[in-house]
Amino acid sequence: MEKKKITQDISQLILSCPLGNKLPPKKRSSPQRGLKILREKAVKKKEGNPKKQLDGKAKGLWDAARTRKNLIENEKSIVKVAQYANEKFEGFFQNYAPVTVILSEANWRSKYETLDDSPFRKKFIDILEGNDTLHSGLKKDKNEEMSNILASLVKLDEKLFEEFLCKISNEEFQKVLELRKKLPVWSQKEDIVKAIKDNQVVVISGATGCGKTTQICQFLLDQAIESRSGSTFCALCTQPRRLAAISAAHRVAEERVEVCGDPRSSVGYQIRLERLNPRERGSILFCTTGILVQLLISDPLLEKYSHILLDEVHERDLLTDFILTVVRDLLPKRPKLRVILMSATINSNLLSEYFNNCPVLNIDGRSFPVETVYLEDILSKLDFRFRSTRNRSGADSHPNHLDIEYNQIMAPFVEEMEANHSYPFHVLKSLRKRESEESPEMLIMALLKHICAREADGAILIFFPGWEQIKRLNKLLLSDRTFSSRKFLIFTLHSMLPTFNQRQIFEKPPRGVRKLILSTNIAETSLTIDDIVYVIDCGKAKLPNFDPLKKLNTLNSEWIALANAHQRQGRAGRTKPGICYKLYSRGRESTFVPHALPEIKRTRLEELILRVKILKLGQVQAFLRKVPEPPDDLTVKISLELLHELGALDDAECLTPLGFHLAQLPTDPSTGKLILLGAIFGCLEPMLAIAATLSFKDPFVMPLNQEDNYRKRRKFLAEKLFSDHLLIAKVMHDFRAAQLDGHVAAKNYCHENFLSTSTMTMLSNMMEQFCRDLRERQFLSNSASISDPVANINSKNHPLILAVLCAGLLPNVAEVVIAGRSLPKRNLPKIPTSPVKVKTPEDGPVLIHPRSINYDTVFAKSTWLCYHGKVKSSNSIYLQDCSIVPPLAVLFFGDEKLFNKKDAKLSKRFGYKWDSSTMEATRSLRTCWDNYLCHRVSHPGATDWSSDSTDSALLRAIIHFTTATAVSLNEDTGLLSVAHEEANNSRRSMW
DNA sequence: GAGCACTGC
């Protein structure tokens, strides 16, 4: 009822005038003449593109005719807002005017004095008031408090000691202890404990299998208990991966004959959405790096802990680097804190230098020797020759720049080999060709046959850069009788491949059966298969990077670093001696860099910057220059700019109230904004589903050789949606409904629809987490669940969801430009259907990623897309996920630059035009929105949708306004209608 | 016509 009233109300605000036929003709003569010439020419030359076959003048005239035609089309409808709409918008403006004044002041500190005395204000001011006051204040109070937290409790010390004595006499404990004592790390137990006692920071480097992860924390715990100070011991051990944290915790609990999760246990773990707490004192908590960063928000000096152990520091992932920087700064404030950095053998000097030349302890690994066989040895051993894949005759035989580059690098090595007479001629000949590094499938096939015929039993692991190569080799293997399924178990590992039925990948195969595993670098660290004896390493990996000059994420196949090559090789020697076949020469390996660039130098930094801000770590540039290997200044600048544009930071680089919320949500800022907007606009569930997916991963999986079925299914699911995001919202909704019918129903739903059950479950849980966050930040009422009817009052309104998506994802918009297709055929010769052109304002032409549901959408009209991911690979820029969105939403939520061009843009692209009073009204409404959002984020509360509330009036006006375009593109009526039911039903004709 | 891998009280 109420909705209907508003609908009518707004539809009176926005009128449309189909004027097209009444427009006076302007200088029609020359385009008409151009058409005539064109038609004659086109008749003469029936084949090919008519435009291409025209000469200078005719071509110009043809273009002129087309432009004119477009203009006439464009002027068909002019969008007008009735005068009293302005007055109505004025009303909104009045309501939120005070906030505008506040926000326009330069001084943040006084700015929020005028806000009410809400709990939000207090918290927010605390953050704004910043570094010194708060921190030093904290330090004083907390030092006293610390003596409370970690003060030794004599009784507890005794109790822990007695328990420990009891444990030592336990038979099972003794049995495991004997095994533990065989680990290499035990030989240096005393040194390690002493070094940590004497130094605030110690680097311990040891190869895989030395036992550092599970043993060192126990050395420290046992030592504390034995010296009757168990109650003051509290260790936090971080792992970069969830699985590693869980398994380390379980392993340690087992060794101590305890059960992980028992409240008396000394071991626990915490990862996102999952925690098993250990006892409060005398305990070890394994967690992921992300958890530690979140802990820092509430406990900036990590006062709950006496020891921080950071594992896998050598991987140099973003969060570990961040933690290193923060921890180094808090050392002077926590003199009693002990920090232990654990890393692989390599690169420990850099770490030691970073921590004021702290001591480094080296521990030998306990893996088995792995023999290395390089490309030249393989070629010589197998007598393998590369057949040139390129045409010998014709232009192709000339070397291109890649050949020349290859030769420059390899020639000296080949010459040296030649001089030494150490390799047969055919090997040298092969190495001179670039093919020796380009397409190794046939070589791998030959090598596999060799291993299977000549070498002992054992699983074979092959490292590939990506999907394409895995797919190709898998196909070859399946079509080759040598590798029949009776004798071989073939596994493919890729994050996008389904993992069901793959438990046997970790199990010992039946007698006489050999495991073959084709993998990306997922098997380099994340997955460990113990019985690998042979590794075949093609030496390449797809590496993401960020190009600050072009502001683009890239994904390219590159040569790996020596450290990674070493890691891959090490995968062969876990249970017995192994062999690593490297599909690159010694010469090539000598060009490898020692270490890959740390992640912090390869990504955008918006999220990290918000963390710097919420943790009050000072100016961003200054902080980021303190990290072990600082990111490019330009990258920092770009990220700051985006945060500013999102409204998360002000000119002085301080958090705004919006930024304050975004910094505390466990997502990147633009996804965080989506979550807030979903709550504000009453489309909670779909927005949470979209946000969860954008911040975790796409749940769709694609089995090899089922691409067609996969695509068909996705097309079926996404019918009429034209949006990857709405597709996600739909499948998440259906999945959650299936979950209510039980585990089996949910699993079946996933199986039928090419979805990963584990990813879907995680996403569903993440939605719960976001919902809880929103409740805690008071954007939802205390009782609101994900499916709360009030919070989902607009969840069925697809155009609105898309409009909100726009508001959250901006500035990530792209324009779909259709050249010629909308021209009436009778007036012009048939123009060949040109492929859709998609452009972004900053990159120019881009492509829609083939994985997107919109990849093969036929666009009837020019329109706008919103996207979240954009990446450059294989020389094109791809929009990874995108939604066709209501154009008015883009223009309404778009930035000021876009706004100023509104008039021109609209009339040019969308076939209708603003009149000036509408422009003004739009602008006022937009100002209202900006102010309203400022107000909402600084006065958290649930949206009041009751008919007489200001919330409701403004939001409904925005909703109707931004989604009005849904029907305005209907060429038949030329009318601009705002009825949502109609909008939903006629979506097909929208685009 | 293409999809390295992780993470979050």
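The values are calculated or read from the model by the stated rules, or taken from the named source; none is laboratory data. Small disclaimer: the values here were computed from a predicted structure and weren't measured. With ideal geometry, Cβ positions are generated from the backbone for all residues, glycine too; neighbour counts draw on all protein chains shown. Note: accessible area is taken over every heavy atom of the protein model, side chains too, but ligands, DNA and RNA are not part of it. Shrake-Rupley method; radii C 1.70, N 1.55, O 1.52, S 1.80 Å.
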Query raised in the report: For segment A:598-645, which whole percent of the accessible surface, found with a 1.4 angstrom probe, sits on carbon and sulfur atoms?
Result: 48
Query raised in the report: Just how large is the dipole of segment A:271-347 about the Cα centre, in debye to the nearest 20, putting +1 at every Lys and Arg Cβ and -1 at every Asp and Glu Cβ?
Result: 380
Requested in this report: Can you pull the one-decimal nm distance between simple spin-label points at residue A:172 and residue A:368, each 7 Å off the Cα toward Cβ?
Outcome: 3.1
Query - Using a Förster distance of 22 Å, the FRET efficiency for residue A:769-residue A:297 (Cβ separation, nearest 0.05) - result: 0.90
Report summary line: By the mean-Cβ-within-10 Å protection proxy, highest first, A:766-776, A:468-478 rank as A:766-776, A:468-478
Query raised in the report: Could you state the number of Å between the C-alpha centres of segment A:273-331 and segment A:415-446?
Result: 49
Query raised in the report: Got a sec? Charge dipole of segment A:598-645, +1 on Cβ for Lys and Arg, -1 for Asp and Glu; which of A:598, A:634, A:615 is way out at the positive end?
Result: A:615
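What is the packing order of peptides A:554-566, A:362-374, A:514-526, A:161-173, taking the mean over residues of other C-beta atoms within 10 Å and listing the highest first?
Going by the mean number of other Cβ atoms within 10 Å, highest first, we get A:514-526, A:554-566, A:362-374, A:161-173.
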Query raised in the report: Quick one: if you stick a label point 7 Å off each Cα along the C-beta vector at residue A:422 and residue A:438, how many nm between them?
Result: 2.8
Requested in this report: Just need the relative contact order of segment A:598-645 here, percent rounded to a whole number, with Cα pairs under 8 Å and 6+ apart.
Outcome: 48
Query raised in the report: Once the piece of chain linking residue A:554 and residue A:408 is laid out straight, how much longer is it, given 0.36 nm per residue of separation minus the C-alpha distance between them?
Result: 50.0 nm
Report summary line: If R0 = 56 Å, then residue A:949 and residue A:528, at their Cβ-Cβ distance, give a FRET efficiency to the nearest 0.05 of 0.50
Query raised in the report: Assuming R0 = 41 Å, what is the FRET efficiency of residue A:817 and residue A:495, from their Cβ-Cβ distance, to the nearest 0.05?
Result: 0.75
Report summary line: With a ≥ b ≥ c from the Cα gyration tensor eigenvalues, square-rooted, and the rule rounded for a/c under 1.5, otherwise prolate when a/b > b/c and oblate otherwise, segment A:598-645 is oblate
Query raised in the report: For segment A:184-321, what class follows from the C-alpha gyration tensor (a ≥ b ≥ c being the square roots of its eigenvalues): rounded when a/c is under 1.5, otherwise prolate if a/b is larger than b/c, else oblate?
Result: rounded
Query raised in the report: So how do A:532-540, A:703-711 stack up, highest first, on mean other-Cβ count within 10 Å?
Result: A:532-540, A:703-711
Requested in this report: Report the extension gain between residue A:486 and residue A:123 in nm, rounded to one decimal, defined as 0.36 nm multiplied by the number of residues separating them, less their alpha carbon distance.
Outcome: 124.1 nm
**Report entry** segment A:515-570 and segment A:173-252: distance between their alpha carbon centers, rounded to Å
**Finding:** 29
